[in-house]
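Note sheet for the following structure.
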Amino acid sequence: MAALQGIRVLDFGRYVAGPYCAMMLADFGADVIRIERPGGGDDRAITPITESGEGAVFLQGNRNKRSLALDPRGEEGRSVLARLVASADVVIANVPDSVLPKMGLDYKSLSAIKPDIILCNLSSFGPQGPWADRPGFDSVGQALCGSSYLTGTGEIPFRSPITWVDNGTAVFAAFGVMVALFERERSGMGQQVTGSLLATALAFSGSYLVEENATGVGRGPIGNRGHLNGPTDTFRTSDGWIVTQIVGPGIFKRWTQLMEEPEWLEDPRFATDQLRGENGAILSERMARWCAGRTTQDALATLAELSIPAGPVLSPRQALDHPQVAASNMLVPIQMHDMAAPAALVGPAVGLSETPGSIRTPPPRAGEHSREILREAGLGDEEIDRLIAEGLVSEAVSSGA
């Protein structure tokens, strides 16, 4: 039995944070119903890879879900939505809090239908403050927390193409939902779970913000070097790049022996991790000279022998082909609805020994399960046919994949 079997989730999320949160619950057995407008949501087409134009962002974040294509804005749509809420445990959305009442998804409206409902809403900037109603995406969170500034070179700030703010928000949200479900088991009480891209970005940047608030140190961008330790940097080898992160006196001692710089162990410039970060340019220059005459494989093999943390800088293609990635069993081939060959999705990132998560079904077509879900809600086929004819519902025929 899956860990979350019997938990029903209504997923109104779009793009990354909301859908990815719901996906994590689905991976561990929750019945997640993606509710989207008839014909499908805009987030289906980001980074298109299938014949029908569905994108990698949608495919990765929506496996193990069912799809109901419903327009809930009118009176009849709201009536159908109320039936679904009555049988749900969790509702997930990612919109400004002020928008929830317009969608009928505010906590007051939902709890009037089902008192123990759990509402999880993820916004860009949180429910309070002058930016509460503004839209935002991952890059804005990176910029607001100081990350883009610190990641830059001094001439231009950099943003990460990896959506760590969005995905981190999803992880925090899934944790919040699980805590709320645990509390409901004890007290029978539902509640609202809130999160935001800004809150996640601030939480992940906490050590830098705490340091700045306490000391006013004014850290700035230093490229790929580490502020708080060294040599932490990227280095060119004869055939590629590697990264090292030297933290703690033991690893630093082994590194100085490898570099044949034993006097640096007594050098006051390198007495602590903090000082090694502040004087990291000297350490990086020495490491760069050592790497320049070696292949990536040789450099990493030598560093591994000394238990010095290091790894190759890989392209996405190289990452897919790396033996350690293959050994992780994280890439799960799934037959999509309109792709000739299976495509790999990245599986659950956390393992459970007795009730592990899994990818059981491909991401759904828009409205693929509309009729099935509406029947479960008590609607007859004639009523469903009428809703489809009026454009309030759409359906897609499953290919059986």
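Readers should treat all values here as calculations from the given coordinates under stated rules, not as data from a laboratory. From a predicted model like this one, the values you see are computed outputs, not experimental measurements. Ideal geometry is used to build each Cβ from the backbone, glycine not excepted, and the neighbour counts take in all protein chains shown.
Along the positive direction of the dipole of region 232-313 (beta-carbon charges: Lys, Arg +1; Asp, Glu -1; about the Cα centre), which of VAL313, GLN274, LEU258 reaches farthest?
Of VAL313, GLN274, LEU258, it is VAL313.
Using Cα atoms only, what is the angle between the long axis of helix 75-86 and the major principal axis of the chain, expressed in degrees (0 to 90) to the nearest 10?
70
Once you have the Cα-Cα distance between LEU306 and LEU202, take 0.36 nm times their residue separation minus that, and quote the gain in nm to one decimal.
33.9 nm
Just report the Cα centroid separation between region 42-112 and region 339-376, whole Å.
Result: 16 Å between the Cα centres.
When we measure straight from the Cα of LYS108, which aspartates and glutamates land under 17 angstrom away, once same-chain ones fewer than 8 places off are left out?
Cross-link targets: ASP89, ASP97, ASP116.
Among the DSSP beta bridges whose two residues both lie in the chain, what percent are antiparallel, rounded to the nearest 5?
40
For the residue pair LYS108 and ILE46, what label-to-label distance in nm results when each label sits 7 Å from Cα along the Cα-to-beta-carbon direction?
Simple spin-label model gives 3.2 nm for this pair.
At 4 °C and a viscosity of 1.567 mPa s, what translational diffusion coefficient does Stokes-Einstein give for region 293-401, taking Rh as the Kirkwood radius over Cα pairs? Give it in µm²/s as a whole number.
D = 70 µm²/s.
Using the charge dipole of the chain (Lys, Arg: +1 at Cβ; Asp, Glu: -1 at Cβ; taken about the Cα centre), state which of ALA2, PHE125, GLY218 has its Cα farthest towards the positive end.
Most positive-ward Cα: GLY218.
Please give the contour-minus-distance gain from GLU285 to GLU383: 0.36 nm per residue of separation, less the Cα-Cα distance, rounded to one decimal in nm.
28.0 nm
What is the helix-to-structure angle for 296-305, meaning the angle in degrees between its Cα long axis and the longest Cα principal axis of the chain, kept from 0 to 90 and rounded to the nearest 10?
For helix 296-305, the angle is close to 80 degrees.
Specify the inter-centroid distance of region 118-153 and region 243-319, based on alpha-carbon positions, in whole Å.
Measuring centre to centre over Cα atoms gives 35 Å.
Can you check what the net charge comes to around GLY146, using other residues whose Cβ is under 10 Å from the Cβ of GLY146 (Lys, Arg +1; Asp, Glu -1)?
0
Roughly how big is the chain's charge dipole about its Cα centre, with Cβ charges of +1 (Lys, Arg) and -1 (Asp, Glu), in debye to the nearest 20?
The dipole of the chain has a size of about 200 debye.
Given q = 0.06 Å⁻¹, what are the Debye log10 I(q)/I(0) values for the chain, with equal point scatterers placed on the Cα positions and solvent ignored?
Debye output, listed in q order: -0.32.
Working from the alpha-carbon coordinates of region 232-313, get Rg over Rh, Rh being the Kirkwood radius.
Ratio of gyration radius to Kirkwood radius for region 232-313: 0.94.
Would you compute, from DSSP H runs of 4+ residues alone, the mean residue ellipticity of the chain at 222 nm, taking -39500 (n - 2.57) per run and dividing by the full residue count, rounded to the nearest 500?
-11500 deg cm²/dmol
Compute, for region 232-313, the length of the dipole vector about the Cα centre, with Cβ point charges of +1 (Lys, Arg) and -1 (Asp, Glu) only. Units Debye, rounded to 20.
140
Using alpha carbons only, how many degrees (0 to 90, rounded to 10) separate the axis of helix 164-187 from the longest principal axis of the chain?
The two axes meet at around 60 degrees.
Could you give the nm distance between label points at ASP267 and LYS253, where each point is 7 Å from its Cα heading toward the beta carbon?
Using points 7 Å along Cα→Cβ, the separation is 1.8 nm.
Could you calculate the contour length gain from GLU372 to ALA292, that is, 0.36 nm times the residue separation minus the distance between their Cα atoms, to one decimal place in nm?
22.6 nm
I'd like to know which of SER328, GLY53, ALA366 lies farthest towards the positive end of the charge dipole of the chain, counting +1 on Cβ of Lys and Arg and -1 on Cβ of Asp and Glu.
Farthest along the dipole direction, towards plus: SER328.
Which distance in nm do the two modelled labels at GLU212 and HIS322 give, with both placed 7 Å along the Cα-to-Cβ direction?
It is 2.9 nm.
Please find the FRET efficiency linking THR361 to SER98, where r is the Cβ-Cβ separation and R0 is fixed at 56 Å, and quote it to the nearest 0.05.
Here the calculated transfer efficiency is 0.95.
Cross-link partners among lysines for LYS114, C-alpha distance below 25 Å, same-chain residues fewer than 8 apart left out?
LYS65, LYS102
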